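Following: one structure in structure tokens, then a few remarks.
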Amino acid sequence: KGEVRTLPGLSVEGLAWENRTTQFDLTLDSYESPDSLGASLTYATDLFDERTIERLARYWLNLLAGIVRQPERRIGELPLLSSEEYRRIVHDWNRTEASYPSERGVHQLIEEQVARTPEAVALVFGDEALTYGELNGRANRLAHRLIELGVGPDVLVGIAVERGFKMVVGLLAILKAGGAYVPLDPEYPRERLAYMIEDSGIGLLLTQEHLVDQLPAASVNIWRLDSDWSELNGFPTSNPDLPLHPEHLAYCIYTSGSTGRPKGVAVRHQALTNFMASMASQPGLDANDRMLALTSLSFDIAALELYLPLLVGGTVVLLFNHQNRDAQALLEVIDRQSVSVVQATPSTWRMLLDAASPGALRDCKLLSGGEALSPDLTERLLRQAGHVWNLYGPTETTIWSGLYHIDAEHPSPWLGRPIANTTLHILEKSFAPVPERVAGELLIGGDGLARGYLHRPDLTAERFIPDPF
């Protein structure tokens with residue numbers, strides 16, 4: 001098939017071998033001399049390029065050299081990579097060290113931004129706006145009340161609210177009180193909500209008066225962010241002065257349960273802070289940005305939309321409950337509120353693009369994650385905005401772990417490189433790194449790791465392992 005080309009001159013000393021193997025239009029001829037073995041590879045160029053064959057030849061030589069050095073070992077235990085390739089794949093590609101305020105929680109960094117720009121607009125919800133100072137003051141009053149109710153480090157607090165100012169106030173208040181929030185979507189089936197409430201062991205639930213009857217009956221204290229608000233009269237608006245350990249929990253989010261019963265993933269403050277610091281750098285946000293809060297609170301990617309703009313002095317544009325499922329309503333909000341950053345799954349992007357006129361998103365930075373980004377959707381996004389960021393990561397490693405900037409010069413939707421202070425290794429089952437362009441299992445390490453699964457030490461030990469590198 002096509003042109004046939006020969007790559008000669010492969011040899012390794014100390015091994016005798018007589019063989020000829022032909023498979024998939026790739027032929028290996030080997031020959032012996034008194035003191036060495038030689039070989040040549042003949043291949044069809046419409047199936048293989050020269051770089052691939054040269055790489056294959058190197059791996060074969062590395063394997064043969066390993067046999068000579070350690071003939072007692074099994075073939076599967078011998079290295080395909082040279083020491084130079086090993087260093088590049090394992091270490092050089094994972095040099096992601098970057099400084100960040102690892103001792104500070106996200107809420108504390110937001111407090112610092114409040115001190116810098118108290119009059120700037122922090123939240124927009126419909127025709128209403130809330131400044132940084134107003135948001136912080138409301139969250140502080142509630143935080144002091146939560147402390148009085150027993151909230152503190154590693155105390156889990158449920159939150160089941162509709163979108164709006166109260167949602168953000170409740171989240172920040174839990175963090176400021178030292179607790180960790182457990183998001184509970186009021187639209188979930190009652191059975192699922194009952195399971196999460198029982199499994200997490202929360203003793204306090206923040207909600208709203210009109211949602212109480214939708215929630216399952218449970219032995220948990222309920223504090224209403226609307227009808228109970230008058231209890232906060234007299235509580236201070238100053239920041240609670242509480243010590244924070246980076247290992248304390250920031251939130252616990254339950255997985256979908258698609259592979260079994262839902263699991264609570266317990267995420268540390270340090271992991272969340274590292275993620276936000278990395279995202280502030282790449283894809284990058286600043287005080288001029290207005291980011292759409294599109295995602296349900298029960299998905300961890302909502303944290304990026306709610307906290308990252310507040311860390312850099314930007315604005316969070318909140319949606320009413322019905323708007324996140326209405327493409328035309330979303331596009332109207334993006335246009336009217338001059339939204340500059342939108343994060344969505346590929347499914348949502350398809351819905352938006354089907355309704356969008358050409359250039360409707362030209363002034364936006366587009367972030368895609370949560371599902372595989374196909375080449376055809378990538379092309380459509382590039383036509384709209386000119387550049388896109390593909391993001392990847394499981395809940396267990398704090399939202400996103402890898403990212404890739406897609407533009408006209410780099411149009412392929414790769415998984416990308418690790419974010420700051422994160423490592424990505426592609427491995428065989430034996431945990432040996434696979435050669436370049438070879439498929440394997442992904443092992444994620446670094447500061448983004450969650451503490452583990454809530455109340456599941458057996459599963460935590462199975463999935464969260466010591467770093468083999």
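Key figures for this structure:
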quantity	calculated
Residue within the stretch 398-416 that is closer than 20 Å to residue 100 by Cβ and of a type in the set (D, E, K, R) present	no
In the stretch 416-469, residue most open to solvent (accessible area, probe 1.4 Å) [restricted to those that are part of a strand (DSSP E or B) and over 27 Å from residue 59 (Cβ atoms)]	446
Filter pass, residue 86 being in a helix (DSSP H, G or I) and either of a type in the set (Lys, Arg) or over 30 Å from residue 162 (Cα atoms) (or both)	yes
Residues of the stretch 366-409 classified as closer than 25 Å to residue 446 by Cα, charged (D, E, K, R) and open to solvent by 60 Å² or more (accessible area, probe 1.4 Å), total	1
Criterion violated by residue 297 - all others in (1) under 30 Å from residue 456 (Cα atoms); (2) touching a Gly at 6+ places or on another chain (Cβ under 7 Å) satisfied	(2)
Options 283, 309; residue that is part of a helix (DSSP H, G or I), touching a strand residue (DSSP E or B) at 6+ places or on another chain (Cβ under 6 Å) and closer than 19 Å to residue 108 by Cβ	309
Single residue of 54, 84, 72, 97 found to be among the acidic types (Asp, Glu), more than 30 Å from residue 242 (Cβ to Cβ) and in contact (Cβ under 8 Å) with a residue 24 or more places away in the chain	54
Residue within the stretch 326-344 that is within 20 Å of residue 297 (Cα to Cα), in contact (Cβ under 8 Å) with a residue 60 or more places away in the chain and not hydrophobic (A, V, I, L, M, F, W, C) present	no
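The values are calculated or read from the model by the stated rules, or taken from the named source; none is laboratory data. Remember, it's a predicted structure, so these values are computed and weren't measured experimentally. As a convention, Cβ positions derive from the backbone with ideal geometry for all residues, glycine included, and neighbour counts pool all protein chains shown. The protein model used for the area step is the full one, side chains on, heavy atoms only, and it has no ligands, DNA or RNA in it. Shrake-Rupley method; radii C 1.70, N 1.55, O 1.52, S 1.80 Å.
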